[in-house]
Amino acid sequence: MKKKAQIGGMTLALCGMVLAHFGAAEARQSAGDGPGFKIAGTAVNAITGAPLAGARVTLADTRSRARMIGVVTGASGHFEFARVPEGKYSLQGARRGYISAAYEQHEQYSTAIVTGPDYATENLVLKLTPTAMITGHVTDESGEPIRGASVGLFREDHNGGMTRIERVNNATCDDRGYYEFSLLRPGTYFVSVHAKPWFAIHPSTAAETPGNSTPRVLPGLDVTYPTTYYGGATESERATPIAVNGGDRVEIDVRLNPVPALHIIFRVPEGPAGEPARFQPPVLEKHNFDSREFVPTNTHMDVPGVYELTGVPQGKYTLRFSDPNTGQMAESGDVELMRDGQEVSESQGEPLGSVKVTAKMPAEEPLPKQYAMGLQNAKGRVIAYLPGNATGEAAFWGIVPGKYSLLCVTQEKRYAVVRTSSAAGATDGHEVNVTAGAELELTAWLAAGVVSVEGSVQKNGKPVAGVMVALLPNDPQSHLEYFRRDQSDFDGTFTLQNVFPGTYTIVAVEDAWGFDWLQSGALARYVQHGQNVIVGAMLRGMVHLPEAVEVQGR
């Protein structure tokens, strides 16, 4: 059964964790002049367990930047900080060829070391993961290197409770067709390649003379390379994943094969005087994992009223049409381009929408001095982003129909859209539903996250370190930005910062890092045994949970 805890109000200053490098020439350092405690251990290779010499290890008081010291490990990988006052400290390591990391770090969270008579802090293991590398060659159908080929690197990202595949780097092949991605974290990667055959010619067909049997160009020259992924696929959903472990050097070669280039026709409707109407040729975009990317083409208009796109490989695309008067994207639609001379038109798309937002604070409070408003899609990608102004107004144009989250971002505090209102009425939450051709005008009411929730976790009556602690809103799909997480420290304590007013359930789960907990229902079984938390609208500062949160197994 859930435990209920009504949080009362007490105002405390928020604590900030400071991580910094501070060089030292020896592996033993004193943190104070008087008696204290010892923080010591070994820096090791996270893959092999071998000790790491030459690693810089820093110790920072989580409450004060002035208390930072560092050592460099010797051949044994040993580090030691003597006479450390009782308190809470961040321990971090760095070494050339390794990923810098704090003690037991997962994503941006780590476990702070707590000193005191009850804590064993002299045999710590600080794990650093060696960086990896992906290299390879891009060749043509004859095995010859393709100079100047564009290589994209994508990574499967599990951070933040949702799996996404995002572009993380780009490279250009040298005259050997060679490319290289270095300093990579372990994970699952994908490689894509885009290039153009050096000999390719893509003439227009619209101006051909009827009855002339002479080919405009040899068929073997009117070819193109489709975007090709490792494994030979030409669509991202069929790309072969590449598993990369710490310290790996993975060689990924990609071979491109030319395919006939398509000629795609657009007919421009007549204007009022019988002349072709004003028209801008459409833009082709291709789905690339969780995003859409521009596809370069050649555009011809050799016959009045007829546009032709050349050099297009077969495949699935999104067509985006612009308003000829404003230049704004006006329509979009998905289409399969499969045959030469295929005609497409705006009728194959659907009108895009617009969202005009006026941001307001409750009780006539002033807006943040510097802020931005954004629209985020279901995959967590921000598809539109605008700096806010003093009036709170922002207008997003050319929005593909769908459901979005309305965000407010600042550097100082966390803000959330807690309610929207329009001519149709008011709705709790931040969700915006953009329908085809819709012109939405709404007011977004903001709230600041000014509460920090402090507590501890336990298992069988004992504190547990390194556990993921999650604060879950009671209506998670409508309030995804309300989620807060932390990792329990050496003494089992945690702090969840920038919490908004609302009703929550707090859970502590072992081995939950990398878990897609944002998926609908993924945390349902943990919520049943969580602890209820109510954060009142008038609360400020730091508040403390009266009971420890029981740790649940994954």
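The values are calculated or read from the model by the stated rules, or taken from the named source; none is laboratory data. This structure is a prediction, so every number in the text was calculated from the model and none was measured. All Cβ positions, glycine included, derive from the backbone under ideal geometry; neighbour counts span all protein chains shown.
Things to note:
- When each of Ile242, Ile265 is tested for being in the same structural domain as Arg339 (by TED's automatic domain parsing) and either out of contact with any strand residue (DSSP E or B) (no Cβ under 6 Å at 6 or more places or on another chain) or of a type in the set (Val, Ile, Thr) (or both), the lone residue that passes is Ile265.
- Exactly one residue among Tyr103, Tyr119 is closer than 21 Å to Val467 by Cβ and buried (at least 18 other Cβ atoms within 10 Å of the Cβ), and that residue is Tyr103.
- Considering each residue of the range 28-37 in turn, at least one proves to be crowded, with 18+ Cβ neighbours inside 10 Å and modelled with pLDDT of 80 or more.
- So Asp489, is it crowded, with 21+ Cβ neighbours inside 10 Å and in contact with a Lys or Arg (Cβ under 8 Å, 6 or more places away or on another chain): yes
- Listed by position, the strands (runs of 3 or more DSSP E) inside the range 30-93 whose residues that are polar (S, T, N, Q) and without any contact (Cβ under 8 Å) to a residue 60 or more places away in the chain number at least 1 are 56-61.
- Test: residue in the range 308-321 that is among the small types (Gly, Ala, Ser) and at pLDDT 85 or above: yes
- The number of residues in the range 354-391 being in a loop (DSSP other than H, G, I, E, B), of a type outside the set (Ser, Thr, Tyr) and either buried (at least 18 other Cβ atoms within 10 Å of the Cβ) or assigned by TED's automatic domain parsing to the domain that holds Pro476 (or both) comes to 4.
Listed here are the residues, each with its yes/no results for (1) assigned to a loop (DSSP other than H, G, I, E, B); (2) modelled with pLDDT of 90 or more; (3) of a type in the set (Lys, Arg).
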site: Asp489; (1), (2), (3): yes, yes, no
site: Asn498; (1), (2), (3): no, yes, no
site: Tyr504; (1), (2), (3): no, yes, no
site: Val507; (1), (2), (3): no, yes, no
site: Asp511; (1), (2), (3): yes, no, no
site: Leu518; (1), (2), (3): yes, no, no
site: Gly521; (1), (2), (3): yes, no, no
site: Pro546; (1), (2), (3): yes, yes, no
site: Glu550; (1), (2), (3): no, yes, no
